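Taken together, the values in this text are just the output of simple stated rules run on the coordinates, not laboratory data. Only a predicted model underlies this, so the values are computations on that prediction, with no experimental measurement involved. We place every Cβ from the backbone using ideal geometry, glycine too, and count neighbours over all the protein chains shown.
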């Protein structure tokens, strides 16, 4: 590795919104520390934005609207991409690799859609592609998965990776409010965007799940491989039922390695689920993120921190920037992920899950037997049954053992058609129960 | 980076106790995965032990008692040191570096005593020295501190990094037992060693604190710089008093950057402290470890997992082994820590802390005024006072604001001499209270 030098490493910044401006500020504030840690000073030499007039606080001579020219400029060593979304980010990233430049990105959607293609292009060019900020903001997670646990076999990665939905579900639990009311409050307070679809319908979490699964299982997984359900169907009743059985409702991103005689497969899914309040993820409230990891040798691990926001995300971007810059100073490139295992992705229908079901039933002899028969017909074994109320208001609360998801949903459909069942009042998957 | 090759990377294993044999087993079990992740297969070609007869399960032809010859052997590419302790580990590590071999170590005592010397020798030889397993076992912690947070400014690192003392304190809280009784139980169950000094007196935690502080603040910190108090003086009364104010007692390793007009300094200390039960560290029970990090931009982070045990520690060793091996395959060396900041270590006497004090006092008019006067004399400001009981059995429970530790201990000494104070029944520092 070469010694300290005063020649700056020149950075092109693509995008200057919340994260971009925090990156810009930190590069300035930490100039001395960054130079010492990298061995050379860091300098932002260009900032691509769509509307320069919207960025009065940024040195105006750095601004350009021609991002494509910026990433190819000879005086640019590294590119930081914080535009987000698929295009133009994707084309710009490929252009940067072609021009021999490493890229640090916070772009979960793009990495989840085109991770293998981007990694191949970076490897071809002998440059780095790092994106710690793309999943769980400031929490150091991808580097530990990719490197620290590289000598272990991962079994499961279960995360709360979307702050907006976690805030909404936390408020529903605290106040008894329904989804619409809690969403309105989150929007008012700025925790939800004007169009909350990406968060509420689980698209954001699904992209992160794809990235986590790819790294955890050395297998290319894209957003399209992820079974996705959002939280808009979670009702105040679901949340109340969860509390009754010592659980809380969370939107989980679950990446599992499923053992199989013919060869393991991976199952990747995002959906709301009840988890016991004693589970380490249960107490992760508000806008925080946490990711729980189970590995063969390491056992249980958890990573916790702020999942979003300009400063936390910028911290992750800068960590990557230092790594990429140090690699460049050393004339090397870092460890990319490997996709060698290339495990099959198991469809949701075949993925083993557990259900919690609440039914309003007529309190007549034989109803429980008839209900139990529907579960048995699908080969679903019941873990617990609790009956509350009598007469007209009788309620059956059933928690199943693990069974293929398709068998469980077929059972629910059959229950809805039973004359003795007046209504299926709550259906949610259950995770983390022993 | 060169492509896959069938030439194995040859590993010398120094030590074959709990961790060493787990490493050996995992290298065998994960052979295919390791080869794919590294690009070359990994093979253990020699194992140095003191008494070969004690290792009947290990391939006998690999065993040697001559560790010094093993690390220099031409057919050894990498060295894994899991002997522990200062010598012969230190000499062997220097010999490995001289012979051009990278080292993966789990040796907290040695790294805490001679980190800068070892790192300098590794850098001189152009090889790697990794030791993720030395702190908090399986929890990926050092790599995140060293790399993921390299673009941020760390303020505090607070950890529960010793499982034995955490088990003992957890049991004291659960059962109301005193220290001696809880220690006896821990010994019986194998959570404490026959000679528990290293754990109970805080030496183990102090070594880990030194390593954490060095990485967090880019400043060489050795065990000798760490203020160290163990848990043997923690009484059942202390634990009960903690519960009364909504706290729990933990042995904490605390590394802080203390702002200072003339230049920041670092304060590194290990001692039992009361923390609020709502603090993320409070619920870390039994033999688990957790480390809480506060950074300027990233905000609050927590890392949680198993801190000891053969398999978890071996997982961390193997993660390092993969990193070192990949560096070797790529013909590069990895990022070492930097000591450029070289901040002064602030003595404990000058470090700001907060105290909880319980006093048995005579319930006479003027006693509280006299007690308060002793605090004021040392310029220690009081946060809360609670008086319970009346007459002979009156108790004053005082929590101070932050003040230099020396002022607090001087106050306690003065209180012990006051005629109106019949006894100082509990003194513990308090952390994490707002």
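The figures follow:
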| item | result |
| --- | --- |
| For residue A:350, label point 7 Å along C-beta direction: distances to other copies, nm | 6.7 |
| Cα gyration tensor shape for the protein assembly as shown, rounded if a/c is under 1.5, else prolate or oblate | rounded |
| Length-normalised contact order of the range B:142-307 in % [C-alpha pairs under 8 Å, at least 6 apart] | 32 |
| Cβ-vector label at 7 Å, residue B:74, separations to other copies in nm | 4.8 |
| Computed [θ] at 222 nm, deg cm²/dmol, chain B (DSSP H ≥ 4; -39,500 (n - 2.57); rounded to nearest 500) | -10500 deg cm²/dmol |
| Cα point-scatterer Debye curve for the range A:264-385, base-10 log of I(q)/I(0) at q = 0.12, 0.16 Å⁻¹ | -0.83, -1.18 |
| At R0 = 30 Å, FRET efficiency that the Cβ-Cβ distance of residue A:6 and residue B:98 yields, to 0.05 | 0.35 |
| Tensor-based shape of the range B:1-128 (alpha-carbon gyration tensor, a/c under 1.5 rounded, otherwise prolate or oblate) | oblate |
| Shielding of A:34-44 by partner chains, average beta-carbon count, 10 Å | 2 |
| Distance from the range B:222-236 to the range B:121-151 (C-alpha centre basis), Å | 25 |
| Share, in percent, of DSSP beta bridges within chain B that are antiparallel, nearest 5 | 70 |
| The range B:72-129, relative contact order in percent, only Cα pairs under 8 angstrom and at least six apart counted | 37 |
| Chain B: angle of helix B:367-377 to the longest principal axis, Cα-based, in degrees nearest 10 | 50 |
| Distances in nm from residue A:6 to the matching label points in the other copies, shortest first (labels 7 Å along Cα to Cβ) | 5.4 |
| Pairwise FRET efficiency - residue B:260 versus residue B:373, Cβ, R0 = 35 Å, nearest 0.05 | 0.70 |
| Ranking of A:279, B:271 by count of other Cβ atoms within 10 Å, fewest first | A:279, B:271 |
| Ellipsoid equivalent to the range B:348-430 - semi-axes via the Cα gyration tensor, in Å | 21, 12, 11 |
| Sorted by Cβ neighbour density within 10 Å, fewest at the top, the residues A:169, A:433 | A:433, A:169 |
| For residues of A:189-202, the mean tally of beta carbons on other chains within 10 Å | 0 |
| Pairwise FRET efficiency - residue B:65 versus residue B:43, Cβ, R0 = 25 Å, nearest 0.05 | 0.75 |
| For the range B:47-106 versus the range B:359-434, the gap between their alpha-carbon centres in whole angstrom | 55 |
| Cα→Cβ-extended label distance, 7 Å offset, between residue B:402 and residue A:86, nm | 5.0 |
| Axis-proximal residue, chain B, for the rotation superposing B on A (Cβ, Å) | B:332, 2 |
| Computed over chain B: relative contact order in percent, which uses C-alpha pairs under 8 Å that are six or more apart | 16 |
| Neighbour-count ranking [beta-carbon atoms within 10 angstrom, fewest first] of B:302, A:418 | A:418, B:302 |
| Shape call, chain A: gyration tensor on alpha carbons, a/c limit 1.5 | prolate |
